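J.: Please read through the structure below; I'll follow up with questions.
The values are calculated or read from the model by the stated rules, or taken from the named source; none is laboratory data. Keep in mind it's a predicted model, so treat the numbers as computed, not measured. Please note: Cβ atoms are built from the backbone with ideal geometry, for glycine as well, and neighbour counts cover all protein chains shown.
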Amino acid sequence: MNEPLKLEVRFLLTTPAFLGNSRQEAELRPQSFKGLLRHWYRAVDARLTDKRGGKREDLLWGGTTKGMGQSSVLLRIVPPKKTILYRWRREEFGRFTSGSGKNTINGAWYLGYPFAMKGNRNRTALAPGTLFTLQGVVPRAPAMEKDQVRGVLASFWLLAMLGSCGSRSRRGFGSLQAVEWGLAGREVARWQDLFSRLPDPSRLNTPSDWQEGLRQGREVFADWFGRFPDRSDSSDSTKRKSACHPHLGKRFEIVLMDPATDWQTALARAGEAMQRFRQRRSPDYTRMKDFLASPRDGRKAPERASFGLPLTFRYSHYPKGPVELFPQRPHSAARLPDRFASLLGIKIIRLGQRFCPLVYRMDGAVPGTDLAIRARLKGRQYTLLNASDSASDSAMYKFFEQLQGRRP
């Protein structure tokens, strides 16, 4: 009997991937990628904003609600022939240090700070240069509806274009580069027309190729899944339907920074840009000190909350701390997690023999602007006022526009 249909992507890791088991040992597991594929599906299907959108997602990727079962796609990993492990060594990145004391700048240390913490010092990662294959096996491909086929293709394509894996994956680690992309097995002909509409991510070798490939892909997805409602629309009904989670709506953009000769330099450049920007925005710590001096509802949220939540502020000379910040539920029945992923992502892509920092900004609710914030201090919770009146005034948007050269 012929093999069932498979979507196969051969990946190259351009930066270390800190993913693995409970013993913090590097390991490739299908479960790690199932969550990533679900994330990218949510980012592209605009119809998930409808009331029954969750059913569409669960039918494709599996769910626990009544009538839902396992995913329509079974994931398999063909591991590398030889696994090379990597350990974070802070001294490896010392060459990127400038300044001293509180003014020390090192973009690689900044992005990888958790790996230098005591509990992570023996943690292993899959080394840059690791090659492995991710397969999406579709046993019941003939029975799948066209929308489901599109959902599978879109999820894998976006993982290849924008995805990373493991800890700190939104900050440049575990960057995935597609080096092969194809279909195999039965039902290839039925899927081929849809498959061929997407640019082959393994053949994008220049910055302009990458930008044009993303543009083409987004146009295809708008045709397949519709367009996300614009949060800037003044209509209350539109705002209620607009997606809270990160997605490829109107406000999605990318910046490709200057390439470097190695991944360490590329990572350090992206981190330095973010670190310098944040160091110049002093109101955050002042606001939190004022809050600690007099904790109460109605204090203004820190600007850097727009980069993602949770967020913790610690002060060694303030015994009342730390202050922990989380998304505020709009009402008691609302389902909103304590963690709200950053809309800003960094990925290191390889273009020929050069390594290029790709910085992308997803559309979606911006914490401290579109999404209210609550502070937790010593077991008590407080509601904070928004840090800015509009998304374009948030720190995260200002940082991204600075990268684009729009702001000084």
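J.: So how many residues does the stretch 221-253 have that are modelled with pLDDT of 85 or more, buried (at least 19 other Cβ atoms within 10 Å of the Cβ) and aliphatic (A, V, I, L, M)? So that I can check it myself, show each step before the final result.
T.: So the first thing to find is which residues in the stretch 221-253 are modelled with pLDDT of 85 or more, and the list is 221-229, 245-253.
From what is left, the residues that are buried (at least 19 other Cβ atoms within 10 Å of the Cβ) are 221, 224-225, 228-229, 246-249, 251-252.
Narrowing further to those that are aliphatic (A, V, I, L, M): 248.
The number of residues fulfilling the criteria is 1.
J.: For the stretch 115-167, how many residues are under 16 Å from the mean Cα position of the chain (by Cα) and more than 26 Å from residue 360 (Cβ to Cβ)?
T.: 0
J.: In the stretch 306-321, what residues are touching a residue at least 40 places away in the same chain (Cβ under 8 Å) and either assigned to a loop (DSSP other than H, G, I, E, B) or of a type in the set (Phe, Trp, Tyr) (or both)?
T.: 307, 308, 320, 321
J.: With the requirement that a residue be assigned to a strand (DSSP E or B), among the hydrophobic types (A, V, I, L, M, F, W, C) and in contact with a strand residue (DSSP E or B) (Cβ under 7 Å, 6 or more places away or on another chain), what does the stretch 347-386 give you?
T.: Step one: filter the stretch 347-386 for residues assigned to a strand (DSSP E or B), giving 347-351, 354-361, 363, 367, 371, 373-377, 380-385.
Going one step further and asking which of them are among the hydrophobic types (A, V, I, L, M, F, W, C), we end up with 348-349, 351, 355-356, 358-359, 371, 373, 375, 377, 384-385.
Correct list: 348, 349, 355, 356, 358, 359, 371, 373, 375, 377, 384, 385.
J.: Another question, if that's okay. So, of the residues in the stretch 378-401 that are farther than 17 Å from residue 283 by Cα and buried (at least 17 other Cβ atoms within 10 Å of the Cβ), which turns out to be modelled with the lowest pLDDT?
T.: Within the stretch 378-401, the match that is modelled with the lowest pLDDT is 391.
J.: Then there's this: Residue under question is residue 363, and the condition is that it be outside the structural domain of residue 218 (by TED's automatic domain parsing) and touching a His at 6+ places or on another chain (Cβ under 9 Å); does it hold?
T.: Against the criterion (outside the structural domain of residue 218 (by TED's automatic domain parsing) and touching a His at 6+ places or on another chain (Cβ under 9 Å)), residue 363 qualifies.
Residues checked against (1) touching a residue at least 40 places away in the same chain (Cβ under 8 Å); (2) under 30 Å from residue 223 (Cα atoms):
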site	(1), (2)
118	no, no
139	yes, yes
144	yes, yes
161	yes, yes
166	yes, no
188	yes, yes
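J.: Could you please find all residues in the stretch 74-93 being in a loop (DSSP other than H, G, I, E, B), over 30 Å from residue 139 (Cα atoms) and without any contact (Cβ under 8 Å) to a residue 60 or more places away in the chain?
T.: 84, 89
J.: Quick one: how many residues across the stretch 190-201 are under 26 Å from the mean Cα position of the chain (by Cα) and touching a residue at least 40 places away in the same chain (Cβ under 8 Å)?
T.: Of the residues in that region, 4 qualify.
J.: Continuing with this model, one more query. Determine, yes or no, whether residue 191 is among the hydrophobic types (A, V, I, L, M, F, W, C), under 25 Å from residue 45 (Cα atoms) and touching a Pro at 6+ places or on another chain (Cβ under 6 Å).
T.: no
J.: A further question on this structure: Among the candidates 95, 76, 89, which residue alone is among the basic types (Lys, Arg) and within 24 Å of the chain's Cα centre (by Cα)?
T.: The conditions single out 76.
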